[in-house]
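Everything below concerns the one structure shown next.
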Amino acid sequence: MTLALGLRSTRRLSAEDIVMRAAILALVAFLLIAIALPLAALFSKSFQDGDGRFVGFVNYVRYVSTPALVASLWNSFWVAALSTAIVVPLAFLYAYGLTRTCLRAKGFFLAVALLPLFAPSLLSAISLIYIFGNQGFLKSWLLGGSVYGPIGIVLAQVFYCFPHALMILITALSLADGRLYEAAEAMGTPGRRVFLTVTLPGVRYGLISAVFVVFTLVVTDFGIAKVIGGQFNVLATDAYKQVIGQQNFEMGAVVGFVLLVPAVIAFVLDRHMQRRQVALLSVRAVPLQPRARAPKDAAFTAYCLLVGGLIAAVLGVAVWASFVTYWPYNLTLTLKNYNFEDFEPNGYGPYFASLQMAALAAVAGTAIVFTGAYLVEKGQGFRAWRALAHLLAMLPMAVPGLVLGLGYVFFINAKWNPLGVFYGTIPLLAVNSIAHFYTTAHITAVTALKQIDSEFEAVSASLKVPFYRTFARVTVPICMPAILDIAVYMFVNALTTVSAVIFLYGASNKLASISVVHMDEAGATAAAAAMATLIVLTALAVKVLHLVLDRLVFGKLQAWRRR
């Protein structure tokens with residue numbers, strides 16, 4: 001009888017092993033199809049002519065010999081460098097005020113600073129047109145310059161990139177050992193020297209990461225340059241013109257590959273710097289508690305009021321303009337700009353298509369990401385395949401959305417690919433969004449899973465409980481807050497993205513963010529602002545629902561964490 005039980009147990013364990021390996025292979029297959037193969041298609045297309053014949057580096061020679069295309073490369077570089085030089089110091093001071101001073105209403109200031117995360121990138125460009133454009137109420141402030149060009153791009157990018165840098169710097173400034181500051185105070189070290197010798201060295205890796213993130217965001221963003229760039233060409237708009245305007249797919253692939261290079265370099269340098277980072281907090285560290293200093297707190301309160309007020313004002317102008325009858329001659333409030341049937345052939349269709357796509361990306365993406373992270377982190381055996389899955393999961397971090405979208409165009413439309421039937425459909429748009437935002441969600445899931453002791457799986461195995469039952473009954477409930485965070489992250493980003501989907505929508509499945517671009521092109525700026533406002537309100541509503549669920553529902557499931 002003992003032998004029979006042993007054989008039965010072996011069969012069951014073997015079946016579980018087969019299921020786990022099949023799941024890992026399925027994950028790798030999905031990541032290959034959704035991420036790796038589109039990028040490979042983009043790379044190979046750049047070495048082909050219009051008929052698909054291999055031509056070597058001919059397209060790249062044409063690129064470097066075309067002055068206009070080379071100029072757009074330089075334009076992208078210096079605009080990104082200038083935007084980064086503005087954003088990072090501004091965000092650092094804001095983060096310093098939130099973490100190292102005793103200013104009041106920190107939650108409010110943080111919420112205001114993060115507002116751009118819930119809007120399409122081009123919303124800031126639309127708002128700046130209303131402020132500094134030809135009919136803007138502050139156009140004289142530019143001293144004869146035009147907002148349609150590099151000035152407008154830089155201003156809009158500062159608004160769009162600020163929260164991304166802020167989140168990184170808040171995390172960096174939150175990790176500090178109070179003993180260092182106590183020792184400096186005891187020795188009478190001047191505050192300036194403490195800042196230069198303790199504070200800055202402690203956050204240098206966060207500063208470097210913020211620089212790389214902002215630079216990459218600016219170089220690869222399409223929406224802002226498209227709306228407010230005017231005749232000032234950058235890499236992202238060049239790729240769009242080559243593919244959509246001229247149907248020159250091979251040159252579009254070259255521009256896309258060139259666009260990929262700075263993002264990859266920034267990613268590699270950032271990873272290299274992170275490997276050199278040492279732990280800022282030891283087991284004996286004392287959390288830094290900022291002390292109240294009236295002049296310092298008042299100065300940072302004024303600074304946060306100024307910066308936060310400007311962020312809210314830029315967003316508020318776009319929302320206000322969406323209700324104005326005819327800017328700037330008739331400022332009477334109206335809802336006619338929300339009658340999208342007058343400006344968009346599908347009316348509210350793009351908005352509902354975006355909701356459908358974002359919901360599909362959130363549900364399917366969260367399930368794929370979290371299950372995949374579990375297989376990578378908690379799976380047994382198949383180490384090489386798990387390592388490959390993790391590598392593929394990290395790949396989108398270095399791939400701009402516009403580049404990934406171009407790769408999808410060449411991969412899906414390849415004559416040999418049976419997946420071509422999905423081109424222009426909601427499922428394809430959802431898969432593209434999942435792939436685009438996969439890395440951040442994967443890191444979130446892995447971080448949550450690392451907090452769970454491996455003894456859970458060991459005990460389950462000793463009790464002959466299948467791993468999938470442990471996953472459903474133990475792992476998922478424990479990680480529910482992280483799962484909800486991933487779902488909201490996927491939904492909001494899928495709802496607001498422009499670059500990743502600009503090449504992939506169909507006539508009946510145009511998304512709201514794409515509709516904003518087209519309405520602005522057609523001169524219906526107020527209607528474009530109205531559609532962008534709908535996107536912002538929807539994203540904020542989802543975030544508020546997230547906070548409510550987290551506190552009232554899922555917070556109760558996590559009560560065991562608290563004493």
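One entry in [x] 1.44; [y] 0.99; [z] 1.02 is Rg/Rh (Cα atoms, Kirkwood Rh) calculated from the shown coordinates; its label is [y].
Shown in residue order for the range 481-493 are the 3J(HN,Hα) couplings computed by the Karplus curve 6.51 cos²θ - 1.76 cosθ + 1.60 at θ = phi - 60°: x, 5, 4, 5, 4, 5, 4, 5, 4, 4, 5, 5, 6 Hz (x for Gly and Pro). Note on Lys450: lysines with a C-alpha under 26 Å away, same-chain residues under 8 apart excluded, are Lys378, Lys464, Lys543, Lys556. Once C-alpha pairs closer than 8 Å and six or more residues apart are averaged by separation and normalised to the residue number of the chain, the relative contact order reads 22 percent. Cβ-Cβ distance of Ile244 and Ile33, R₀ of 35 Å, FRET efficiency by 1/(1 + (r/R0)^6): the value works out to about 0.90. In this label model, Ile265 and Ile452 are separated by 4.2 nm, measuring between points 7 Å along each Cα→Cβ vector. Backbone phi angles across the range 407-417, fed through the Karplus curve with coefficients 6.51, -1.76 and 1.60 (θ = phi - 60°), yield HN-Hα couplings of x, 5, 4, 6, 6, 5, 8, 4, 4, 7, 8 Hz in residue order; Gly and Pro are listed as x.
How much length, in nm to one decimal, is gained on full extension between Ala22 and Ser44, taken as 0.36 nm per residue of separation minus their Cα-Cα distance? Write down the numbers at each step before the final one.
Numbers: separation 22, 0.36 × 22 = 7.92 nm, distance 3.01 nm.
4.9 nm is the gain from fully extending Ala22 to Ser44.
Near Gly308, once Lys and Arg are set to +1 and Asp and Glu to -1 for all other residues with Cβ below 15 Å from its Cβ, the sum equals +2.
Rounded to the nearest 20 debye, what is the charge dipole size of the chain about its Cα centre when +1 sits on each Lys and Arg Cβ and -1 on each Asp and Glu Cβ? Don't skip to the end; give the middle numbers.
Details: 40 positive and 23 negative charges, 376 e Å.
For the chain, the charge dipole is close to 1800 debye.
For a paramagnetic label modelled on Leu545 (point 7 Å from Cα along Cα→Cβ), amide N atoms under 16 Å away belong, within the range 483-511, to 484-496.
The label-point distance for Tyr348 and Val474, in a model that sets each label 7 Å from Cα toward Cβ, rounds to 4.8 nm. Under 26 Å of direct C-alpha separation, and excluding same-chain neighbours fewer than eight residues apart, Lys226 reaches these lysines: Lys45, Lys139, Lys241, Lys336, Lys510.
What 222 nm value per residue comes from the helices of the chain, counting each DSSP H run with n ≥ 4 as -39,500 (n - 2.57) and dividing by all residues, nearest 500 deg cm²/dmol? Could the numbers behind the result be given before it?
On the way: 25 runs with 374 residues, N = 563.
Helix contribution divided over all residues of the chain: -21500 deg cm²/dmol.
Let's test the formula: R0 of 41 Å, r as the Cβ-Cβ distance of Leu333 and Ala507. What FRET efficiency results, to the nearest 0.05? Don't jump to the answer; show the numbers that get you there.
Details: r = 33 Å, r/R0 = 0.82.
Efficiency at R0 = 41 Å is approximately 0.75.
Relative protection proxy for 97-106, 240-249, from highest mean packing down: 97-106, 240-249 (other beta-carbon atoms within 10 angstrom).
Go ahead and collect, in residue order, the members of the range 361-377 whose backbone nitrogen is under 20 Å from a label point 7 Å along the Cα-Cβ direction of Leu419. Residues passing the 20 Å test: 361-373.
Would you mind ranking Met490, Met20 by Cβ crowding within 10 Å, fewest neighbours first? It would help to have the intermediate numbers written out before the result.
Details: Met490 29, Met20 20.
Listed from fewest to most nearby Cβ atoms, that is Met20, Met490.
Coordinate-derived values only; no laboratory data. From a predicted model like this one, the values you see are computed outputs, not experimental measurements. Every residue, glycine among them, receives a Cβ derived from its backbone with ideal geometry; neighbour counts consider all protein chains shown.
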